[in-house]
Each structure stands twice: as structure tokens, then as C-alpha cells.
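Here's the structure we're looking at; comments come further down.
The values are calculated or read from the model by the stated rules, or taken from the named source; none is laboratory data. All figures in this text were calculated on a predicted structure; none of them were measured in a lab. Cβ atoms come from the backbone with ideal geometry, glycine included; neighbour counts cover every protein chain shown.
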Amino acid sequence: MRGLKKISLEEAKSFLVEHYDIKQTSKGIMVTPKDSTKYPVSNTKELRLDFWSRGLKSPSIINLKSIIKDIASTEKIINEQIISYCKYKKIRQIDFEKAGYASKQTISNIWHGKQKPGCEFLERFISENKDLNARWLFTGIGEMIDKGDPASEAMVKFLSEQLEKVEKENKELNREIGALKAQIKK
């Protein structure tokens, strides 16, 4: 198709990660648009149409299937990336516990892929490890060590804002709880 922007396989993977939730299920790989107005994708031809509708030249069906399988297989990627970075930096599980990131059990669950790290954990982990590439941490795309990636800075800002919102909500809820307790005592 003429007039379409040619993109690399890495850019195609980024596009899919940005616009679709791709999960491995017992029935196979489920590809669901993040845009809730669209229906789940039933085949790679529909995905190619989405690329084309956005002015992008789609990878071949074979390459598209390969990218989708790669994304689906990295469902636990964030846990694996944390472990890889920690091995690189010689950070141990006990170091997280001592630093007050989370309980010993929670850290163990993250390490063994039984639980994803929470927003506060990730915000702190990223902000305390300035050389960590947040894009790599979340998607596996790019290099582990950040060399000034603006996406990393944006991710830290986003997570900080989310944490601030949660803290404000908690304060407001605690005020309401206090007011309700005071009413009950009357």
C-alpha cells in the first residue's frame, strides 16, 4: 500500500504494546484493544488493518504472529526485568525488605512471579535507580541501562503523579473515617 510509513519490527512491537493487551490464556493468545470501544481481535489480518488505518505499513503476517507470541511470552516481564536489574546491580531480596519496600513475603512473591509489584514499589524502585530504563522495565524494549531516555522520565513522572493521587485519596478517606468515628461516639 502506497503512502504508508514503513516501521521496524521493534516499532511494530511498541505499537502493539501501546494499543493492545496481549495475554497468553488457556485457549491461546488473546489480543484485546486497549480502546474499550473496539472488540477483541480475532486474527492477524484485523491487526494489519489497524496498522494501515493509522497510516503505518504492517509487518508481514509471519512477523506479526512472531511479535505477538513474543509479547505474550513476556507477561511476567516486569518481575523478570526487576530480577535482571538487581542481579546486574547486585541487589538482593533482603535489601528490598531492609529498605522498607515491602514485606519479605511480598518481595518473595514478586521474585517468583506470583505477584506484580505495586505502584509505590515501582515508583520508588525507578526513582532510586536513576540509570534504570523504565521503558525496558515495563516492556523489555531497549537497553536496561538508561542513557537519557525521555520515556523513562515520563514514566517516573506518571508514577509519581499516580502515587500522589493515591496518597491524597488516602488522606481524604482517613479524614472521613475520623469524622464517622466521631459521629458514632456522640
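At-a-glance table
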read-out	value
Subset of the range 115-149 (residues that are over 20 Å from Gly100 (Cα atoms) and among the charged types (D, E, K, R))	Asp131, Arg135, Glu143, Asp146, Lys147, Asp149
Among (1) in a helix (DSSP H, G or I); (2) of a type outside the set (Lys, Arg); (3) at pLDDT 90 or above; (4) more than 27 Å from Lys13 (Cα to Cα) - the single one Ile91 does not satisfy	(1)
Residue within the range 139-162 that is over 21 Å from Ile77 (Cβ atoms), in a helix (DSSP H, G or I) and of a type in the set (Ser, Thr, Tyr) present	yes
Within the range 117-144, considering residues that are of a type in the set (Gly, Ala, Ser) and more than 10 Å from the chain's Cα centre (by Cα), the one farthest from Glu161 (Cα to Cα)	Gly142
Filter result for Leu49 (under 21 Å from the mean Cα position of the chain (by Cα), part of a helix (DSSP H, G or I) and either at pLDDT 85 or above or of a type outside the set (Gly, Ala, Ser) (or both))	no
Meets criteria (outside the structural domain of Ala12 (by TED's automatic domain parsing), over 17 Å from the mean Cα position of the chain (by Cα) and not β-branched (Val, Ile, Thr)) for Arg92	yes
Qualifying positions in the range 1-14 - touching a Lys or Arg at 6+ places or on another chain (Cβ under 8 Å) and buried (at least 16 other Cβ atoms within 10 Å of the Cβ)	Ile7
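Conditions (1) in contact with an Asp or Glu (Cβ under 9 Å, 6 or more places away or on another chain); (2) among the charged types (D, E, K, R), marked per residue:
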site: Leu122; (1), (2): no, no
site: Phe125; (1), (2): no, no
site: Leu132; (1), (2): yes, no
site: Asp146; (1), (2): yes, yes
site: Leu163; (1), (2): yes, no
site: Glu169; (1), (2): no, yes
site: Glu172; (1), (2): no, yes
site: Ala179; (1), (2): no, no
site: Gln183; (1), (2): no, no
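Yes or no, residue by residue, for (1) surrounded by fewer than 13 Cβ atoms within 10 Å (Cβ to Cβ); (2) in a helix (DSSP H, G or I); (3) free of Cβ contacts under 8 Å to residues at least 60 places away in the same chain; (4) on the phi > 0 side of the Ramachandran plot:
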{"position": "Lys65", "(1), (2), (3), (4)": "no, yes, yes, no"}
{"position": "Ser84", "(1), (2), (3), (4)": "no, yes, no, no"}
{"position": "Asp95", "(1), (2), (3), (4)": "no, yes, yes, no"}
{"position": "Tyr101", "(1), (2), (3), (4)": "no, no, yes, no"}
{"position": "Ser108", "(1), (2), (3), (4)": "no, yes, yes, no"}
{"position": "Lys114", "(1), (2), (3), (4)": "yes, no, yes, no"}
{"position": "Pro117", "(1), (2), (3), (4)": "no, no, yes, no"}
{"position": "Ile126", "(1), (2), (3), (4)": "no, yes, yes, no"}
{"position": "Leu137", "(1), (2), (3), (4)": "no, yes, yes, no"}
